[in-house]
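Here is the structure we will look at.
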Amino acid sequence: MTESDRPLRLDAPREEVLEHVAKLVAGAWQSFDRFRPEEPPLDERVLELLRTELPEAPASAHEALDDTARILDESIAQPRPRYFMGVGSSGLEIGTMADLLAHTYDINLAVDARAATLIEKQAVRWAAEFVGYAPDAAGAFTSGGTVSNATALAAAREHALPGSRLEGLAGERVAVYTSEEVHYSVTRAVEALGIGSRNLRAIALGPGRGLRPDLLEAAIDADRAKGITPIAVVATAGTTLTGAIDPLEAVAEVCEARGIWLHVDGAYGLPAAAVRPELFLGFERADSLAIDAHKWLYLPKACGIVLVRRQEDLIASFGHEAGYLPHQQHELHAMDTTFEYSRPFRALKFWLAMRVHGAQAFRDAIERNLGQARLLYETVIARPDFEALAEPPLSIVAFRHVPEGVADLDAHNGRLAEALREDGRVWISSALIDGEVWLRPCFVNFRTTEEDVLDLVEIAAEVGERIAA
């Protein structure tokens, strides 16, 4: 077979195409260093591409790459420093390079991948060490909090009802306990695992918007008196709505006294335990944790982490023998401890980022985001045309515009959030908190500056006054 006969070859030398990609990536990184004055509309070239049918004939790789860069540039990119919606990613550069290398080698961590498998285990230990969890923790890198939470709850289900992975719940009456503001991924997990979202007990909030331990204790005891088996308590270390942290020490006491699995969903907030450990006291007693490194550890998606205190709990939930994946010398494969089979080498970007930057650089960046949240809070409470919900526990600040003469503040702030997205200088969403509409920026981007924070307030005031008029 000659070189020209090989299938799926590019129409230009690979090195030349790779150089083209590198220039596009470098241009994107440079554009992320400063805010955008507006989001560009879809141009005619992109609209033309959207009208094309399935291509039968090849196109120039260089042309296709330029089209791809145009499409991405006209998409909403979370790495930009004034993207404050949800809990975004910020696309750390070294993580992009790690993804390129990992995908080039197309490592599969379903079975033993030799060095890559060992690096993932090391990265799991590093993640546990970074937040201050069990030094001998086990776990895996996942696609994110949804899979991490489902993995942990599968282990909790098998722990509470041994054999349930084989027999199902079959008439068992069970319950899982959370706060009223738990992330919806937990609801999805209990539905997928056959526990049922009707058996999800939402515990009312107390001071600081964390669940009330006394009500948790009462709910568990009442259920047990009725013959209902508690599967797990899911505590949240940083809710997506307001950044609230459940009282983890008190929740751990309740769980340990009753022998109930404690899972801490720290997908957003738990990295902050590396700089504010006093806010998370008790999380280290949890049986399992979820962390999203693609949130407050700045890495590109997808890079979730599930950690457990005892690896045998994962084995009890997922371990199996299959003829097409025989165990060699009785060694465990990742498929024996994880929900996913084919898994990319997600751990490499965390491992490489820690190697290149060092853990202290990440602590410093998290500290900076916490300071930005504090700056926003202090700025808005000092103005008569804004109010804040409360002091930010982490890096989410709920605030709203309260101009004179506006009677319906909820309608006004809903319109303001939409108008700000249309304006394009900042990207922000509204949130419904206790039946009221608030603006809800979140600071988890290492590129965001104090100037961006102060401009957010000025832009919100400018646009708010315009729509109020």
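Every Cα-Cα pair in the stretch 105-347 was counted, and those over 24 Å apart are 42% of them. Translational diffusion of the stretch 360-468, estimated by Stokes-Einstein from the Kirkwood radius over alpha carbon pairs at 10 °C in a medium of 1.306 mPa s, is 113 µm² per second. Spin-label model, residue 455 to residue 43: label points 7 Å out along the Cα-to-beta-carbon direction sit 2.2 nm apart. Projected label points at residue 68 and residue 18, each 7 Å from Cα along the beta carbon direction, are separated by 1.4 nanometres. Annotation note: GluC sites (Glu not before Pro) in the stretch 385-448 located in DSSP loop regions with a Cβ neighbour count of at most 16 within 10 Å are 404.
Placing a pseudo-label 7 Å from each Cα along the Cα-to-Cβ vector at residue 418 and residue 51 gives an inter-label distance of 2.9 nm. For the stretch 71-226, the convex hull drawn through the C-alpha positions has a volume of 200 cubic angstrom per residue. Across the chain, the fraction of Cα-Cα pairs farther apart than 29 Å, rounded to a whole number, is 55%.
Subtracting the Cα-Cα distance of residue 101 and residue 202 from their residue separation scaled by 0.36 nm leaves 32.0 nm.
Here 377, 83, 341, 105 are placed in order of increasing Cβ neighbour count within 10 Å, fewest first, which gives 105, 341, 377, 83. In summary, the lysines within cross-link reach of residue 295, defined as a Cα separation below 27 angstrom excluding same-chain residues under 8 places away, comprise 23, 121, 349. Estimated from helical segments only, the mean residue ellipticity of the chain at 222 nm is -13500 deg cm²/dmol, where each DSSP H run of four or more residues counts as -39500 (n - 2.57). Taking the centroid of alpha carbons for each part, the stretch 173-190 and the stretch 1-51 are 42 Å apart. For the stretch 11-76, the mean projected area of the C-alpha convex hull, equal to one quarter of the hull surface, is 5.3 nm². Cα extents for the stretch 382-442 along the principal axes, largest to smallest and rounded to whole angstrom: 30, 25, 24. Sorted fewest first by neighbouring Cβ atoms within 10 angstrom, 118, 109, 100, 8 come out as 8, 118, 100, 109. Restricting the stretch 137-180 to trypsin sites (Lys or Arg not before Pro) that sit in a DSSP loop and have at most 14 other Cβ atoms within 10 Å of their own Cβ leaves 173. For the stretch 39-121, trypsin sites (Lys or Arg not before Pro) are listed when DSSP marks them as loop and at most 12 other Cβ atoms sit within 10 Å of their Cβ; the list is 51, 114. Would you kindly give the portion of the calculated P(r) for the stretch 167-297 that falls above 20 Å, as a percent of all Cα pairs? The answer is 41 percent, as a whole percent.
Here the gap between residue 374 and residue 60, fully extended at 0.36 nm per residue and compared with their Cα-Cα distance, gives a gain of 108.0 nm.
Just so you know, all these numbers are worked out from the coordinates, no wet-lab data involved. Keep in mind that what you see is a predicted model, and the values were worked out from it rather than measured. When we count neighbours, we look across all protein chains shown, and the Cβ atoms used for this are built from the backbone with ideal geometry, even at glycine.
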